[in-house]
1. If you check N305 against the conditions, is it on the phi < 0 side of the Ramachandran plot, of a type outside the set (A, V, I, L, M), surrounded by fewer than 24 Cβ atoms within 10 Å (Cβ to Cβ) and in the same structural domain as T220 (by TED's automatic domain parsing)?
2. Evaluate the following for R115: is it over 21 Å from the mean Cα position of the chain (by Cα) and among the basic types (K, R)?
3. Report whether or not E338 is touching a His at 6+ places or on another chain (Cβ under 7 Å), of a type outside the set (V, I, T), at pLDDT 95 or above and assigned to a helix (DSSP H, G or I).
4. Would you confirm whether any residue within region 318-331 is in contact with a helix residue (DSSP H, G or I) (Cβ under 6 Å, 6 or more places away or on another chain), under 23 Å from Q264 (Cβ atoms), touching a residue at least 40 places away in the same chain (Cβ under 8 Å) and not hydroxyl-bearing (S, T, Y)?
5. From the residues in region 174-188 that are in a helix (DSSP H, G or I) and surrounded by fewer than 19 Cβ atoms within 10 Å (Cβ to Cβ), which one is nearest to the chain's Cα centre (by Cα)?
6. Return the only residue of D384, D379 being at pLDDT 95 or above, among the charged types (D, E, K, R) and assigned by TED's automatic domain parsing to the domain that holds E446.
7. Could we say that L410 is in the same structural domain as W342 (by TED's automatic domain parsing) and either of a type in the set (S, T, N, Q) or crowded, with 19+ Cβ neighbours inside 10 Å (or both) here?
8. Restricting region 91-104 to residues that are outside any helix (DSSP H, G or I) and either out of contact with any Gly (no Cβ under 8 Å at 6 or more places or on another chain) or on the phi > 0 side of the Ramachandran plot (or both), which is modelled with the lowest pLDDT?
Amino acid sequence: MRKLLFALFLIFLTPNLVNVVGQSLTDANGDLLDKSGNPAVGDPYLDIVEASLVIEGSSYLGTIKLDGDIPSKTNDNSIFIEWDFMIDADKNPSTSPWGYFPLAVNDIGVDYMARLCLLGDNRWGEVYNGPKNSFHEIDFQLNGNEIKLMFSPSDIGGSMSFDFVILVRKYGNRGAPDALIVFDKAPEKLHYAFQAGVVTVQTTRPVELPNLAMEFAHATVYHNQGNEERAKDMGEAFEYGYAYLQQDFLKVPPKFKVYVYRTQDDLIQGLIKYSGFSPSQADFFKSGGAPRPLNYLMHVSPQFNWHSVAHELTHTFIEEYSGRAYLNIKWLDEGLAEYESWKCVSTNPMHGQEEELFKKSALNAVDELESRNALYPLDELTTDEQWGKEMIAGNSYYIYSEAYLVASYLISSYGIDQVKSILREVQNGAKASEAVETVLEKTQTEILDEFKNASESEIFKTYTTTTAVITSSRTEVLTITSKTSTTLTQEVLTTTRSTGQPLAIWPPTNQILVEEVIILIAIGVIAIWYRKKTKLQGLR
């Protein structure tokens, strides 16, 4: 029956088939990027030069032509490479089960992904079904520098009209999402559209600023028509964080305005209209992210999840407590925001597992730094200029991980009130080093030495948590005492993971500092990887 229906569809498309077969999409040579969006160099078989998507029989046939022949294996068994068709089946950038990474997929929300994978000498084709969070194999063909992927309409939810972006990505660490080395994409901006058997390049799209309001207790959330579910989720994330943060910060901010955007381009225009950014300032965010809240107004990027909303809201609570002290003790400002958002979202039954993956990723980052004897001295992560320099150098994964774990250690060892007192000392004019020594009677160097020698259980000691349970009509606050993070980790992982299933997080919490604005460029899209026989199957 499925083939019969598709055959009838093909009859309807017959006048266009001749044009479709001859149609190709070209891409410039030498336009590879690294994970921060900077120009990069890679092997020729990573560089897209031409592509096409046509109907062949009862299936779609996607072709990617590269600047060099596809290898039969990688030189290093830790290298993972994939060649992808990223598909927005519902043409709605706000729905993206795969995650949000506009630097790579531009303005689409990825529902399905058809790809060829290479790990060592193992090659396979597969489709990722986002709505079902599942994978299944598909046929592929290789001929020199050309890849052909065959998939059916049923593989992508029955869609016969969709948007798509073509990607090639190379990872280290066997495909760990935070180990992206280099990638290429086509088109460079916006997306391709497949409709009535014809592929077109979308070069412009109308700006859609949020114009509908959804009221919550402590925020008015603005959104577009058709984006209600996303707005509701972000509003609930905001309320959850707002209720939770009051256990550590008694002074609360006034009611917020929260703008939830469908695309990053819309967010750029929103920064200009709602926050008074100049076009050049706003354009800095074209690759992703958003500034920290300004004047109780939060701009929510398509990448944002519960962790990122809580992180940005924590910055406002910190500013309510200690003014602009954060500008002169960045490691504590960002570390405390990461700690509070991790602790807050960990208590939510729907998102707790994501935070355990986040913690694991941070521990791995710091372990790597320690193995290279490369932990950052805290006095090198103190000012906004120092923090921004490391961000621009591409070290965000490491500095945020270290700041988060150091803050957690301080709170576990000295208490949240002592840590907040450091902020107050800085607010009163003390340098960061002086504030730490005044409050803790130890230098920043001594604190870092303590941290180096601390076990994981000492970094995450027992604490009292307050769980905010969000419902459609009210917020309930529950108190849970003597719950250790170690126990929480064991409870979560033993119910969701079997031996041999690697866990990864992508993108990590990466931020860039521009003057006094922190830019969140790739936040907490969570990936759970599945292993099938000898294949690494990842959600990337």
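1. Values: on the phi < 0 side of the Ramachandran plot: yes; of a type outside the set (A, V, I, L, M): yes; surrounded by fewer than 24 Cβ atoms within 10 Å (Cβ to Cβ): yes; in the same structural domain as T220 (by TED's automatic domain parsing): yes.
When the stated conditions are applied, N305 passes them.
2. On the way: over 21 Å from the mean Cα position of the chain (by Cα): no; among the basic types (K, R): yes.
No; evaluated as a whole, the condition is false for this residue.
3. Values: touching a His at 6+ places or on another chain (Cβ under 7 Å): yes; of a type outside the set (V, I, T): yes; at pLDDT 95 or above: yes; assigned to a helix (DSSP H, G or I): yes.
Answer is yes for this residue.
4. Looking through region 318-331, none of the residues is in contact with a helix residue (DSSP H, G or I) (Cβ under 6 Å, 6 or more places away or on another chain), under 23 Å from Q264 (Cβ atoms), touching a residue at least 40 places away in the same chain (Cβ under 8 Å) and not hydroxyl-bearing (S, T, Y).
5. Of region 174-188, the ones in a helix (DSSP H, G or I) are 174-175, 177-179.
With the extra rule that they be surrounded by fewer than 19 Cβ atoms within 10 Å (Cβ to Cβ), the set shrinks to 174, 179.
Details: R174: 19, A179: 13 Å.
If we take residues in region 174-188 being in a helix (DSSP H, G or I) and surrounded by fewer than 19 Cβ atoms within 10 Å (Cβ to Cβ), then A179 is nearest to the chain's Cα centre (by Cα).
6. Working: D384 fails: at pLDDT 95 or above.
None of the others qualify; the one that does is D379.
7. Considered against the rule, which asks whether it is in the same structural domain as W342 (by TED's automatic domain parsing) and either of a type in the set (S, T, N, Q) or crowded, with 19+ Cβ neighbours inside 10 Å (or both), L410 comes out as yes.
8. Residues of region 91-104 outside any helix (DSSP H, G or I): 91-101.
Now drop any that are not either out of contact with any Gly (no Cβ under 8 Å at 6 or more places or on another chain) or on the phi > 0 side of the Ramachandran plot (or both), which leaves 91, 99.
Numbers: K91: 90, G99: 82.
If we take residues in region 91-104 being outside any helix (DSSP H, G or I) and either out of contact with any Gly (no Cβ under 8 Å at 6 or more places or on another chain) or on the phi > 0 side of the Ramachandran plot (or both), then G99 is modelled with the lowest pLDDT.
The values are calculated or read from the model by the stated rules, or taken from the named source; none is laboratory data. Computed from a prediction, not measured in an experiment: that's the story for all the values here. Quick reminder, even Gly has a Cβ in these numbers, built from the backbone with ideal geometry, and neighbours come from all protein chains shown.
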